[in-house]
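Undergrad: Can you keep this structure in mind? I'll have questions shortly.
The values are calculated or read from the model by the stated rules, or taken from the named source; none is laboratory data. Since the structure is predicted, the reported quantities are computational estimates derived from the model, not experimental observations. Don't worry about glycine lacking a Cβ; one is built from the backbone with ideal geometry, like all the others, and counts go over all protein chains shown. Just the protein is used for accessible areas: all its heavy atoms, side chains included, with ligands, DNA and RNA removed. Shrake-Rupley method; radii C 1.70, N 1.55, O 1.52, S 1.80 Å.
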Amino acid sequence: MPSETAQRTKEMPEKGLPQNTIRSQLEAKLRKDFSYSSGKILCSMCTNPHSFAKQIYQKYLEKNLGDPSLFLASTELEQETVSMLGSLLSNPEASGSIVSGGTEANIIALWAARNLAKKERGEVIVPISAHHSFDKASDLLNLKLIKVRLNSRFQMDVKAAEKAVTSKTVAIVGVAGSTGLGVVDPLGELSEVASANNVYLHVDAAFGGFVLPFLKELGYEPLDFDFSLPSVSSITVDPHKMGLAPIPAGGILFRDASISEAISMKVPYLSGETKESTLLGTRSGASAVAVWALLMHMGRAGYAAVVDRCLKLTWKLAEEIQRTDGVDVVTEPTLNVVGVKSDRIDVHLIFQELRKRGWAVSLFSDYLRIVIMPHTKPSHIKRLLEDLQMIIENLN
Ligand SMILES: Cc1ncc(COP(=O)(O)O)c(C=O)c1O
């Protein structure tokens, strides 16, 4: 849609306008955006943040984690937040940071792996389903990505990963909740490959990190993916996805502080002895404080209830899709993501028709992706299915 995204120009006014004028202008201009409350956003791994987290975020907007000597208490809360996330992922001793999102977290993980490995022209093994943040990371860090095929269940093929290991391998990346289909790679086996070859294993659980810990208690098949696997060195887990936190809130967790030391840098000019191990300098303390508050408020039980609702609705959608003539699911859902394919109708056409009716789903090369987030209600899915049925009849 180039006309909508084309560059726009605007001059700053010489004399400032009254706040109310600007509020009305913004109200009018932002009307074009999708809203989570409409239920039409089915293509995002983010959601309407929890109202309590929004209040906390607003209250502590001035906090800057880039200057721990001034914001010592915020820094302590960030460390407690990391530890709480670590406890969700079987390691309360984890070190790390609350960062801007999954992209920054993945870049930081490979940065640490590269520095620890100290190899010339290092290589990183990822499944072809890995998020494009790893392409960015490889470009920035001068690492070669070795993309390996998937097995018949859309997971990283472990044999192919094993074969790809060379003396230049800096890290293996497994995904716990893939961007396309929400699939979890066989991380138990990948952990063995990493250990046998003495290679760093990073897990991208940006999406799955707030879902997978609850599968067992909700009656679904539990999947190994976290620090309970001995070779896992770092995990990306994003509070601003299924954690219900305001954007920006990603998480990079290291098994212990010795790993993050590999990227730690002294900041020479701040008002105290300060070290940084994030990409950003000045960074939001409000994000970390809001995540802290939200984890304390929701507790495990609160998140388990959110995941329960999302998964039940996901399975209902998957079953309805299977019952609908003309479309099918790509694979059984693992998390709250459904891939929809068709062997009769071009999915690009279905995508366009859904968009005309106001639905935002994701378009991958040969399937559509629907993500059932906490803002999605059964009534939204009912309407989506009615529209889908009509579209299929018209296109058939
Ligand atoms: C598995 C995975 N990793 C990383 C990311 C990147 O996260 P962000 O958009 O917060 O940078 C995404 C985004 O959807 C993702 O699905």
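Undergrad: Could you list, in sequence order, the residues of the stretch 189-210 that are within 12 Å of the ligand (Cβ to nearest atom) and part of a loop (DSSP other than H, G, I, E, B)?
TA: Answer for the stretch 189-210, where residues must be within 12 Å of the ligand (Cβ to nearest atom) and part of a loop (DSSP other than H, G, I, E, B): A205, A206, F207.
Undergrad: Then there's this: Could you please give the count of residues in the stretch 146-188 that are in contact with a strand residue (DSSP E or B) (Cβ under 7 Å, 6 or more places away or on another chain), small (G, A, S) and more than 19 Å from F227 (Cα to Cα)?
TA: The number of residues fulfilling the criteria is 5.
Undergrad: Only residues that are within 16 Å of the ligand (Cβ to nearest atom) and of a type outside the set (V, I, T): list them for the stretch 114-129, please.
TA: Matches in the stretch 114-129: P127, S129.
Undergrad: Here are some conditions: (1) under 29 Å from I108 (Cβ atoms); (2) over 19 Å from the mean Cα position of the chain (by Cα). D328 meets all but one. Which one does it not meet?
TA: Going through the list (1) under 29 Å from I108 (Cβ atoms); (2) over 19 Å from the mean Cα position of the chain (by Cα), D328 breaks only (1).
Let's see how each residue does on (1) basic (K, R); (2) modelled with pLDDT under 95:
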site	(1), (2)
S24	no, no
S37	no, no
K40	yes, no
M45	no, no
Y60	no, no
K63	yes, no
S69	no, yes
V99	no, no
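Undergrad: Checking the structure you have, find out if any residue of the stretch 1-19 is of a type outside the set (S, T, Y) and in contact with a Gly (Cβ under 9 Å, 6 or more places away or on another chain).
TA: No; the residues of the stretch 1-19 include none that is of a type outside the set (S, T, Y) and in contact with a Gly (Cβ under 9 Å, 6 or more places away or on another chain).
Undergrad: Which of the residues that make up the stretch 109-122 are open to solvent by less than 20 Å² (accessible area, probe 1.4 Å) and over 21 Å from S97 (Cα atoms)?
TA: G122
Undergrad: Among the numbered criteria (1) away from the ligand (no atom under 16 Å from the Cβ); (2) touching a residue at least 24 places away in the same chain (Cβ under 8 Å); (3) under 30 Å from F351 (Cβ atoms); (4) part of a loop (DSSP other than H, G, I, E, B), which one does S44 miss?
TA: If we test S44 against (1) away from the ligand (no atom under 16 Å from the Cβ); (2) touching a residue at least 24 places away in the same chain (Cβ under 8 Å); (3) under 30 Å from F351 (Cβ atoms); (4) part of a loop (DSSP other than H, G, I, E, B), just (1) comes out false.
Undergrad: Across the stretch 116-147, what is the total count of residues that are assigned to a strand (DSSP E or B), hydrophobic (A, V, I, L, M, F, W, C) and under 17 Å from L181 (Cα atoms)?
TA: 1
Undergrad: For R323, indicate whether it is free of Cβ contacts under 8 Å to residues at least 12 places away in the same chain and not aliphatic (A, V, I, L, M).
TA: Answer is yes for this residue.
Undergrad: Could you list all residues from the stretch 362-396 that are part of a loop (DSSP other than H, G, I, E, B), under 23 Å from the mean Cα position of the chain (by Cα) and of a type in the set (S, T, N, Q)?
TA: S365, T376
Undergrad: Please go through the stretch 351-361 and pick out each residue that is in contact (Cβ under 8 Å) with a residue 24 or more places away in the chain and more than 26 Å from the chain's Cα centre (by Cα). I'd like the intermediate steps shown before the answer.
TA: Taking the stretch 351-361 and keeping what is in contact (Cβ under 8 Å) with a residue 24 or more places away in the chain, we get 353-354, 357-361.
Scanning the stretch 351-361 gives E353, R357.
Undergrad: Of the numbered conditions (1) over 26 Å from L201 (Cα atoms); (2) touching a residue at least 40 places away in the same chain (Cβ under 8 Å), P268 fails exactly one; give the number of that condition.
TA: The failed condition is (2).
Undergrad: P213 versus (1) over 20 Å from S129 (Cα atoms); (2) not in a helix (DSSP H, G or I): which is the lone unmet condition?
TA: Tallying (1) over 20 Å from S129 (Cα atoms); (2) not in a helix (DSSP H, G or I), P213 fails exactly one: (2).
Undergrad: Out of the residues in the stretch 63-108 that are open to solvent by 40 Å² or more (accessible area, probe 1.4 Å) and within 16 Å of the ligand (Cβ to nearest atom), state the one that is farthest from L229 (Cα to Cα).
TA: Taking the candidates together, the pick is S100.
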